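Following: one structure in structure tokens, then a few remarks.
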Amino acid sequence: MEFGFTVEDEAFRAEAREWLAGHADGSQDRRTWERTLGKSGWIGLGWAESGYGNRTAGLTQQVAWAEEYARSGAPPRSGHIGEKLLAPTLLAHGTDEQKARFLPPVAAGEELWCQGYSEPGAGSDLAGVRTRATRGEDGTYRISGQKIWTSLAHEADWCFVLARTEPESRRHHGLSFLLVPMDQPGRVEVRPIRQLTGTSEFNEVFFDGAHARAEHVVGGEGQGWRVAMSLLGFERGVSTLAQQVGFAQELTQVVRAAVRTDAVADPVVRAQLVRQWAELRTMRWNALRTLGGSGDAGASNVAKLLWAGWHQRLGELAMLVRGAEAAAGPDWSPSAPYELDALQQLFLFSRADTIYGGSDQIQRTIIAERVLGLPREPKGVV
């Protein structure tokens, strides 16, 4: 099963490939790179009908751009949270004023966003959010609480925050979706979290009376759960196919390592490599089957469950085929991060794949209860 790319789609792909070859040289910092993308019209593909995007691109052309970007070796995106999560949420639930204020800077690569969902006591179980937002007499909300595992919060200008606006509410009731500026000294504090890889992509974010304007509540007060769930549906789509291009490149590295170390002489290793290849092809077919559809209940949950386990197994296989050398590396000191190679990074970072974005256990529960219609899991049973 493959997409039926048209002649126009292939021309668009060629244009994207040529532009990336001429610009993705790694010389720009991530914020400057976002502006370069925006200036050349590569952010907000497919928004044209809304009046806020850059160039017109159909679904197949968006896939072509995402795949070429993944193949090009271009810098990791800092603006993808605003482009892929916030923007479609505003297009679906935002007011005209909110769209006019926030979408153009995203399309231009001028404002970066982070996602304020997970908390120390509300990760995969997002309905346990405790962060509170109290509306004052002037209409301004004061937000207090803590978010965790907030990707790129140290770079972001804004954060969309899920907070409890009804004091005695519980679970998914009484939540609101607020747009909060990050530049609030003394009210917003970002603390990087050092990871196994030595990097700090994730952060803790503390809100101590942070301000959010009343007109920056998306979908209406108390409607945060509906908006938040809608946003989660946008997390997987075209980006899933681009992600799989990256997975294929990583698999190629593992195969080459297996050949170099002669691990391929082991029939068990050969079988594992073939299985990884076959499962990756299956994931692509599944992504193509569900792309652009709206009636396939649980599709995003199935996709997350499939790729998280696959990627984690690939990391383990990467260490297996290298043998003892997989544990070798340069000296480490508290003042300097690890200098890991690509496969060591893959192994360490992929340990979190089955946890972040909704753990495997949560994904299985959602599929069981909401798709298959199985009885709900009893509460309080250990």
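Just so it is clear, none of the values below were taken in a lab; they were calculated from the coordinates. Given the structure is predicted, the values throughout are model-derived calculations rather than measurements. Here the Cβ is made from the backbone with ideal geometry for all residues, glycine too, and neighbour counts use every protein chain on show.
Give a quick list of GluC sites (Glu not before Pro) in region 1-106 that DSSP marks as loop, anything other than H, G, I, E or B, with at most 11 other Cβ atoms within 10 Å. Let's see the in-between values first.
Values: sites: Glu2, Glu8, Glu10, Glu15, Glu18, Glu34, Glu49, Glu67, Glu68, Glu83, Glu97; in loops: Glu2.
Hits after loop and neighbour filter: Glu2.
Please turn the phi angles of region 192-208 into ³J(HN,Hα) values with the Karplus equation 6.51 cos²θ - 1.76 cosθ + 1.60 (θ = phi - 60°), one per residue in order, whole Hz, x for glycine and proline.
Working through the residues one at a time gives x, 10, 6, 9, 4, 7, x, 8, 9, 6, 9, 8, 8, 10, 10, 10, 10 Hz.
Which of the peptides 162-168, 84-90 is most tightly packed, and how do the rest follow, going by the mean number of other Cβ atoms within 10 Å of each residue? The partial results should precede the final answer.
Details: 162-168: 17.7, 84-90: 22.7.
For the peptides 162-168, 84-90, the packing ranking is 84-90, 162-168.
What do you get for the angle between helix 224-234 and the principal long axis of the chain? Use alpha-carbon atoms, 0 to 90 degrees, nearest ten.
20
Roughly how many debye, to the nearest 20, is the charge dipole of region 96-217 about its Cα centre, given +1 on each Lys and Arg Cβ, -1 on each Asp and Glu Cβ, and no other charges? Show your work: numbers first, answer last.
Numbers: 14 positive and 18 negative charges, 88 e Å.
Charge dipole, region 96-217, about its Cα centre: 420 debye, nearest 20.
Which whole-number percent gives the relative contact order of the chain, counting Cα pairs below 8 Å spaced six or more residues apart? Show your work: numbers first, answer last.
Details: 609 pairs, mean separation 52.5, N = 382.
Normalised by residue count, the contact order of the chain is 14 percent.
So, in nm, how far is label Leu196 from label Ala271 when the simple model puts each one 7 Å beyond its Cα toward the Cβ?
2.6
Select from His172, Val245, Ala263 the residue farthest towards the positive end of the dipole of region 159-314; place +1 on Cβ of Lys and Arg, -1 on Cβ of Asp and Glu, and compute about the Cα centre.
Ala263
For the Cα atoms of the chain, what angle does the longest principal axis make with the long axis of helix 267-290, in degrees from 0 to 90, nearest 10?
The answer is roughly 40 degrees.
Long-range amide H contacts for Ser118: which residues qualify at under 5 Å (H placed 1.01 Å from N, peptide plane, sequence gap of 5 or more or a different chain)?
Placed amide hydrogens put Ile148 under 5 Å from Ser118.
Please list 3J(HN,Hα) in residue order for region 52-59, calculated via the Karplus relation 6.51 cos²θ - 1.76 cosθ + 1.60 where θ = phi - 60°; whole Hz, with x for glycine and proline.
Once θ is set to phi - 60°, the couplings for region 52-59 become 10, x, 9, 10, 7, 8, x, 4 Hz.
So if R0 is 35 Å, what FRET efficiency would Thr252 and Ile367 give, r being the distance between their Cβ atoms, rounded to the nearest 0.05? Provide the component values of the computation, followed by the final result.
Details: r = 31 Å, r/R0 = 0.89.
E between Thr252 and Ile367, to the nearest 0.05, is 0.65.
Please compute the modelled spin-label separation between Glu8 and Arg351, points set 7 Å along Cα→Cβ, answer in nm with one decimal.
Computed distance between label sites Arg351 and Glu8 equals 4.9 nm.
Which distance in Å, rounded to a whole number, links the C-alpha centroids of region 107-184 and region 71-101?
Distance between centres, Cα-based: 17 Å.
Report the extension gain between His80 and Leu59 in nm, rounded to one decimal, defined as 0.36 nm multiplied by the number of residues separating them, less their alpha carbon distance. Spell out each step's value before the answer.
On the way: separation 21, 0.36 × 21 = 7.56 nm, distance 1.70 nm.
The span from His80 to Leu59 would gain 5.9 nm if fully extended.
Which of Ser230, Gly26, Ala328 sits farthest toward the positive end of the charge dipole of the chain, with +1 on the Cβ of Lys and Arg and -1 on the Cβ of Asp and Glu?
So the residue furthest toward the plus end is Ser230.
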